[in-house]
Amino acid sequence: MTPKKNLPIYWSPDYVLKSGIETRTKSGPLAEILKAGEVPGVDLIAPSPISREELFVAHDEGYINRLVSDETPELIRSIFFSTGGVRDALDAMFEHGRAGSLSSGLHHAKRDRHEGFCYINGLAIAALRALSKHGANKVGVLDLDSHCGGGTFQLVGENEKILIADVSCNSFDVWRPNSDRHFLKIVQSADEYLDKVKQALKHLDDVDALIYNAGMDPFEDCMPGGMRGITREILGERERLVAQWCEDTQTPAMFVLAGGYSGPNLDLDGVARLHLPTIFEFARIRVNAKSKN
Ligand SMILES: [Zn+2]
């Protein structure tokens with residue numbers, strides 16, 4: 001199948017919940033930037049919401065039912081649409097070679113509880129769907145959010161067909177690798193950051209699909225998460241490395257936004273703009289869908 005020319009990106013206004021938390025707000029201004037045409041070669045597509053049953057592959061049924069009954073309908077709508085976008089991006093990736101969803105708040109969510117702005121672990125749900133619906137043999141989860149992805153490890157760390165590579169800047173939600181499928185590095189200074197990212201990509205060399213948690217919160221002006229010396233230029237190079245790896249290895253790939261927060265020197269529009277390099281790079285590359293299967 002020939003790859004689709006434009007990069008499909010899933011988003012709808014349902015993702016956005018007016019709150020002080022960028023996890024639930026920043027996709028709004030980012031979608032406006034995309035609608036204005038700032039990144040060529042991108043299609044914004046509205047997803048279908050996820051169903052409760054689709055969440056049970058990764059989450060405890062009691063937890064999901066409590067979540068729906070205890071939280072506000074507005075928050076549930078945001079969570080269900082943004083998780084539906086992750087699922088739809090995964091399916092689109094297998095059709096078009098690359099895709100994304102402007103979703104955030106995934107990798108800390110555990111089987112039976114939410115943690116750190118994350119309610120549903122869309123990364124785990126997507127990885128399991130890649131195996132069950134798309135016949136992938138080996139799926140990689142690349143997590144470059146500033147914080148560790150302990151939720152993803154809890155949910156799919158034991159799955160022999162799922163590889164995890166996690167480069168973090170602090171030990172929040174740290175996990176303990178227990179297999180050669182697992183790669184975790186917590187960087188101590190900005191000057192080692194890109195080397196660790198390259199090692200993470202090497203770790204994933206033989207996966208046949210990639211799910212990328214493209215957190216921008218390592219950026220030095222983000223609070224929480226930022227590390228002094230991790231600049232826009234370094235993160236731009238990170239996104240180029242990841243996307244180029246996808247093209248060079250012809251690995252179908254999808255991204256979600258993940259972390260990225262404002263601070264004294266960074267407003268919400270600035271946070272949204274931090275994520276543009278991911279979209280520029282994914283729009284640039286060409287990957288043949290299912291080329292590795
Ligand atoms: Zn984070």
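Nothing in this text is a laboratory measurement; each read-out follows from the coordinates by a stated rule. Predicted, not measured: the structure shown is a model, and the values here were computed from it. Cβ atoms come from the backbone with ideal geometry, glycine included; neighbour counts cover every protein chain shown.
Among the residues of segment 252-273, none is identified as within 16 Å of the ligand (Cβ to nearest atom), part of a helix (DSSP H, G or I) and surrounded by fewer than 24 Cβ atoms within 10 Å (Cβ to Cβ).
Scanning segment 198-250 for residues that are of a type in the set (A, V, I, L, M, F, W, C), over 19 Å from Lys185 (Cβ atoms) and surrounded by fewer than 23 Cβ atoms within 10 Å (Cβ to Cβ) gives a single hit, Met223. Working only within segment 40-51, note down all residues that are under 18 Å from Tyr15 (Cβ atoms) and outside any strand (DSSP E or B). Correct list: Ala46, Pro47, Ser48, Pro49, Ile50, Ser51. Residues that are within 16 Å of the ligand (Cβ to nearest atom) and either free of Cβ contacts under 8 Å to residues at least 40 places away in the same chain or not in a loop (DSSP other than H, G, I, E, B) (or both) within segment 132-147 comprise Val141, Leu142, Asp143, listed in sequence order. Kindly indicate whether any position in segment 13-25 is surrounded by 14 or more Cβ atoms within 10 Å (Cβ to Cβ) and part of a strand (DSSP E or B). No, there is no match, as no residue in segment 13-25 is surrounded by 14 or more Cβ atoms within 10 Å (Cβ to Cβ) and part of a strand (DSSP E or B).
Check whether at least one residue in segment 195-206 is under 29 Å from Val287 (Cα atoms), within 19 Å of the chain's Cα centre (by Cα) and without any contact (Cβ under 8 Å) to a residue 12 or more places away in the chain, and report yes or no.
yes
Restricting Ser69, Ser104 to residues that are of a type in the set (S, T, N, Q), touching a residue at least 60 places away in the same chain (Cβ under 8 Å) and farther than 24 Å from Arg181 by Cα narrows the list to Ser104. Within segment 238-251, the set of residues being more than 21 Å from Gly85 (Cβ to Cβ), part of a helix (DSSP H, G or I) and more than 16 Å from the ligand (Cβ to nearest atom) comprises Arg240, Leu241, Gln244, Trp245, Glu247, Asp248, Thr249. Remark: pairs (first residue in segment 252-268, within 14 Å of Ser82 (Cβ to Cβ); second residue basic (Lys, Arg) and within 15 Å of the ligand (Cβ to nearest atom); Cβ separation under 9 Å; 6+ apart in sequence or on different chains) = Leu257/Lys26.
Within the set Leu235, Leu163, the sole residue that is away from the ligand (no atom under 15 Å from the Cβ) and either in contact with a Phe, Trp or Tyr (Cβ under 9 Å, 6 or more places away or on another chain) or of a type in the set (D, E, K, R) (or both) turns out to be Leu163.
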